[in-house]
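This report concerns only the one structure given below.
Read the figures in this text as sums done on the coordinates, not as results from a lab. The model shown is predicted, which means the values in this text are computed figures rather than measured ones. Backbone-built Cβ (ideal geometry, glycine too); neighbour counts: all protein chains shown.
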Amino acid sequence: MPDFLQIEHIRKTFPGVIALDDVSFSVTGGEIHTLLGENGAGKSTLMNVLTGLYHPDRGEIRIDGQKVGFTSPRDSLSCGIGMVHQHFMLVPAHSVFENILLALDNVPNLFNRKEYRARIKQLIDQFGLDLDLDSPVWKLSIGAQQWIELIKLLMRDCRLLILDEPTAVLTPQEADRLFSVLQQLKQQGKSIIFISHKMREVMQISDRVTILKKGHSIATLERGSFDENRLASLMIGTDQIPEWQKNLQMSEEIVLEIQGLSVRNDRGLSDLDSFDLKLKKGEILGIAGVAGNGQKALAEVLTGLKSASQGRIMAKDKDITHSDAKKAYIAGIAHIPEDRKSIGIAPDMSVDENLIMKSFRNGAFSHWIFQDKKAIRRNAAEKIDQFAIKTGPDGSPVRYLSGGNIQKVIIARELSEKPAVLVALYPTRGLDIGSAEYVHKVIADGADRGMSTILIAEDLDELLKLSDRIAVMFRGQLVGYVDPRNTTREEIGLMMSGEKQGVAG
Ligand SMILES: Nc1ncnc2c1ncn2[C@@H]1O[C@H](COP(=O)(O)OP(=O)(O)OP(=O)(O)O)[C@@H](O)[C@H]1O
Ligand SMILES: [Mg+2]
């Protein structure tokens, strides 16, 4: 098939930043084309150019050989290009049906509701989606909300669908479902631009892969001519992957004990239901479970975002369930896409300021009421270097950073206070390979110093590699513990589905 979309020599700069220097690639009808690159390489910016949100400084976009100039997402939509955004643009109180109608341009005033319902229903059936048209959006899982965004684009007959890290917020099961839908769409001749940091997914789904590095398209490879190693080495180039080793000497001292903890959600159901957990000093305790079994509530109740309706959180012998001491004892890091607001960055403040937000009272960064600008800058320079954070010019706000780089700012900040206990909720989602390794190293080094970590992750490989023990959660309860050196993926899988018990703590 001929290329239907051609992108040539695109350049896009922001004050003090060259986001895209020289990017060219093309998309043919009926292909899944993956964009791969480190955090800050320019993937999202390129997609914003392609959907008319940003105007390029230089370069050309051609559709069916015709040069086009987009000035808004409306222009690109009318050329058949649509994007599923990482942050869904849905009205939570409205139903699924109403949200889809809202997105359509030419719905007549007295439109025939039945006809539109039937067309949407047909799409839902065709792809075997689990979606109730009359349910309000706020009741739906993230995965279901993503289906709505996709249906909106299909109702508008888009020929090119752009998905920017769609699987970062999905469970592995939901991701598999998405992939089978994408395959079906491809069979129908639709084109897909797919962005992900997960190599397994990239290998599974891509017909072609274009690698972006520091704003340049450095290679496009066809299926069959790449494997994970080749992609990784092109992407990383001469950058170093941090190395680390885990110290396996764990003390038996219990630093945190959770007893019979229950947490209810907004719908009055129990997210945590008489949950128990024991965390040892210097331990990395992995928490395995299918997302939605209480992991988020666990992280939130420990870091003070939610309160418990029953049970206790004990720090050594002290009850900290409802006390302010909890904040000083437990720090938390979370991955970004699920809910940017709950993880506490100040998007309009600079990177430097965000990096000291937890320590503004400790004296190191202020004299009396005056901020010590030099110390703040020195601290930031150090963290930016350690975590390889890609920032814009000094003083520019955090919200301009790429998704993965915002994530790194949060991690760097939360770890700078040297907490006794760290709660990490999906900490490496959205991070490129090198950055994910660096986070692993930081957690492992922390354990050497005696920091204890509760590591909540979906990726079993990540849990098996990093954890001293793994606790499995199911329906808000602790199923049991396993020893990562003495278990199998199958055993953990059975426990995750509630079919097998583990060892009691
Ligand atoms: N509106 C903006 N203003 C200033 N700089 C920006 C803006 N948008 C993006 N940038 C910068 O452009 C560069 C590329 O960012 P982009 O978001 O495209 O990266 P990405 O490849 O999507 O990374 P990630 O994998 O972390 O999502 C970054 O250095 C970022 O800080
Ligand atoms: Mg991005």
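Which percent of the Cα-Cα distances in segment 3-236 go past 31 Å? Pairs farther apart than 31 Å: 23 percent. Take the cross-link list Lys114/Lys190; Lys190/Lys390; Lys327/Lys465; Lys280/Lys327 and give me the ones stretching past 23 Å between alpha-carbons. Lys114/Lys190; Lys190/Lys390; Lys327/Lys465, as the Cα separations exceed 23 Å there. Per residue, the chain reaches -9000 deg cm²/dmol at 222 nm when only DSSP H runs of four or more residues are counted, each adding -39500 (n - 2.57).
Across segment 318-332, the residues whose backbone nitrogen lies under 19 Å from the label position 7 Å along the beta-carbon direction of Gln259 are 318-326.
On C-alpha positions alone, give me the angle between the axis of helix 373-386 and the longest principal axis of the chain, in degrees, nearest 10. On a 0 to 90 degree scale, this one is about 70. Near the amide H of Gly311, within less than 5 Å, lie the amide hydrogens of Ser262, all on another chain or at least 5 residues away, with H placed in the peptide plane. With everything on Cα atoms, drop me the angle between helix 172-187 and the longest principal axis of the chain, reported from 0 to 90° to the nearest 10. Result, in degrees: 10. Considering only Ile454, Gly29, Gly286, and ranking their Cα positions along the charge dipole of the chain that arises from unit charges at the beta-carbon of Lys, Arg, Asp and Glu, the one farthest toward the positive end is Ile454. Annotation: amide H-H contacts under 5 Å for Asp57 (H modelled 1.01 Å from N, sequence separation of 5 or more, or interchain): Arg11, Lys12, Thr13.
3J(HN,Hα) couplings calculated from phi for segment 34-43 with the Karplus curve 6.51 cos²θ - 1.76 cosθ + 1.60 (θ = phi - 60°) are, in sequence order, 8, 9, 10, x, 5, 4, x, 5, x, 4 Hz; Gly and Pro show x.
For segment 251-327, trypsin sites (Lys or Arg not before Pro) are listed when DSSP marks them as loop and at most 10 other Cβ atoms sit within 10 Å of their Cβ; the list is Arg267. Only one residue of Met199, Gly189, Gln477 has its Cα farthest out toward the positive end of the dipole of the chain, where Lys and Arg carry +1 and Asp and Glu -1 on Cβ, and that residue is Gln477.
Residues Ile254, Ile492, Ile81, arranged from fewest to most other Cβ atoms within 10 angstrom of their Cβ, appear as Ile254, Ile492, Ile81. The convex hull around the C-alpha trace of the chain, projected and averaged over every direction, spans 25.4 square nanometres.
Each Lys and Arg adds +1 at its Cβ and each Asp and Glu adds -1 at its Cβ; summed about the Cα centre, segment 3-236 shows a dipole of about 220 debye. In this simple spin-label model, placing a label point 7 Å from the Cα along the Cα-to-Cβ direction at both Asp105 and Arg119 gives a separation of 1.3 nm. Length gained on full extension, Asp134 to Thr488, computed as 0.36 nm times the residue gap minus the Cα-Cα distance: 123.2 nm.
Each Lys and Arg Cβ is given +1 and each Asp and Glu Cβ -1; about its Cα centre, segment 163-256 then shows a dipole of about 500 debye. Shown here for segment 141-237: trypsin sites (Lys or Arg not before Pro) in loop regions (DSSP other than H, G, I, E, B) with at most 14 other Cβ atoms within 10 Å, namely Arg223. Counting only DSSP beta bridges with both residues in segment 254-496, the antiparallel share comes to about 55 percent. Coupling constants for segment 231-243 follow from the phi torsions by the Karplus curve (6.51 cos²θ - 1.76 cosθ + 1.60, θ = phi - 60°), and in residue order they are 4, 4, 6, 5, 5, 7, x, 8, 5, 8, 8, x, 10 Hz; glycine and proline get x. The alpha carbon centroids of segment 153-181 and segment 413-481 are separated by 28 Å.
Phi-derived couplings, Karplus 6.51 cos²θ - 1.76 cosθ + 1.60 at θ = phi - 60°, listed residue by residue for segment 410-419: 5, 5, 4, 5, 5, 8, 6, 7, 6, x Hz, with x used for Gly and Pro.
Each Lys and Arg contributes +1 and each Asp and Glu -1, all at the Cβ; summed about the Cα centre of the chain, the dipole is approximately 820 debye. Look at where the Cα atoms of segment 297-312 and of segment 1-63 average out, and the two centres are 43 Å apart.
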